[in-house]
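Single-structure report; data block below.
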């Protein structure tokens, strides 16, 4: 099984991880799949993703291109209607592809999870030009989560930098996503 | 003809413009296709793209995902073997899709070119996760061209910022592209 066929490339691929709680509640949050010689991800304790992985030992990597979904899943909860279930695992309806993984905690590093692919599906292939606006939303979302956690003003400067790129290069989904980020920050 | 089907979305899409000189020499350079109510692009005078458009009134927008190709075409000339010809227009071999346009200069704004789609082809659809490394190469390339034109040190700081993202998140193509950028800057 080649992860590249499912859109996961060498380096870090930004995907939305979906996991199921012990009680059967789906959760979604952006993560980076690190694909070097081995596949792994850094998942911080005190997150639903981390506790769900602890409970079920599984996650699904959803390859998604909508910037608004990165914002919504990073900084809030997705509506249950956004998910469906495959083999008792939650998958996002809007995913272009997904891969399910068996998760194994690193023995030394508490945030590092080793990922072993179980299976995957390709649902939609497309042609897509690079969009600086979409990319700026991903960066602005990362800096927003850091700002909310650490309250360091330097993150606000980064957010403003990426907001300028969104204003100049973004389409309507990116502008809506940026508006949502601003509402969360204020 | 819907440009979205060819990967060109609302907002600005980063593509590689290919044009033919009066003498039949192909040229490639990154541009942003601005897709709002109308389709246009900003193309600076003193570029091959600008003089070729003046000569032939046409350009081809190539939708490409390889970060190295953005660097090579922004800061040097592509090898002739990278092109083939369709209707006397150059197209990139590695394009996932391309759209040819009739070009019309704006009457007031010397850098603004209005674009009227002629025809397009989809050659390869794929699934692709968002890559912060690829995106960082696009930004670093933009700041490198600005630095080379204006020699303002602030651009070097931006390049260093994006280089950090490439080191952390990039795959081998991104790392090779960043190395090429560094060679050009030094």
In whole Å, what is the distance between the alpha-carbon centres of the range A:108-186 and the range B:16-65?
30
May I ask you to order A:139-146, A:2-9 by the average number of other C-beta atoms within 10 Å around their residues, highest value first?
A:139-146, A:2-9
How far is helix B:172-185 tilted off the main Cα axis of chain B, in degrees rounded to 10, range 0 to 90?
90
Only counting other Cβ atoms within 10 Å, I'd like A:185, B:137 sorted with the fewest neighbours first.
A:185, B:137
Under a GNM of chain B (C-alpha, springs under 10 Å), which listed residue has the highest mean-square fluctuation: B:90, B:45, B:30?
B:45
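Determine the shielding of peptide A:132-138 by partner chains: average, over its residues, the number of Cβ atoms on other chains within 10 angstrom of each Cβ. Please list the in-between numbers first.
Details: counts 9, 6, 5, 9, 2, 1, 4.
The per-residue average across the peptide is 5.
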Can you tell which of B:13, B:72, B:131 shows the greatest fluctuation in a Gaussian network model of chain B with Cα springs below 10 Å?
B:131
Fewest to most neighbouring Cβ within 10 Å: what's the order for B:25, B:1?
B:1, B:25
Nearest-ten-degree value, helix B:154-169 long axis tilted from longest Cα axis of chain B:
80
Rounded to whole Å and ordered largest first, report the semi-axes of the equivalent ellipsoid of the range B:43-89 derived from its Cα gyration tensor (root of 5λ).
19, 15, 10
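Between residue B:36 and residue A:21, what is the FRET efficiency for a Förster distance of 45 Å, r being their Cβ-Cβ separation, to the nearest 0.05?
On the way: r = 43 Å, r/R0 = 0.97.
Efficiency, from the Cβ-Cβ distance: 0.55.
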Rounded to the nearest 500, what is the 222 nm mean residue ellipticity of the protein assembly as shown from helices alone, with -39500 (n - 2.57) per DSSP H run of 4+ residues and division by all residues?
-11500 deg cm²/dmol
Which of rounded, prolate or oblate describes the protein assembly as shown when judged by the alpha-carbon gyration tensor and an a/c cut-off of 1.5?
prolate
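Between residue B:102 and residue A:172, what's the calculated FRET efficiency when r is the beta-carbon distance and R0 is 22 Å? Round to 0.05.
Details: r = 27 Å, r/R0 = 1.21.
The calculated FRET efficiency here is 0.25.
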Degrees, to the nearest 10: A:132-150 long Cα axis against longest axis of chain A
80
Classify the range B:3-122 as rounded, prolate or oblate, taking a ≥ b ≥ c as the square roots of the eigenvalues of its Cα gyration tensor: rounded when a/c is under 1.5, otherwise prolate if a/b is larger than b/c and oblate if not.
rounded
Working only with C-alpha atoms, what are the Rg and Dmax values of the range B:132-185, expressed in angstrom?
10.1, 30
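Just need the relative contact order of chain A here, percent rounded to a whole number, with Cα pairs under 8 Å and 6+ apart. List each step's numbers first, then the result.
Details: 337 pairs, mean separation 36.6, N = 186.
Taking the mean separation of contacting Cα pairs over the length of chain A, I get 20 percent.
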Starting from a label point 7 Å past Cα on the Cβ side, list the distances from residue B:112 to the same position in the other copies, nm, shortest first.
5.4
Most mobile of B:43, B:118, B:33 per a Gaussian network model of chain B (Cα springs, under 10 Å)?
B:118
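All of the numbers you see were taken from the coordinates with simple rules; none came from a lab. As the structure is a computational prediction, the values presented were derived from the model and not from experiment. Methodologically, a virtual Cβ is constructed for each residue, glycine included, from the backbone with ideal geometry; neighbour enumeration extends over all protein chains shown.
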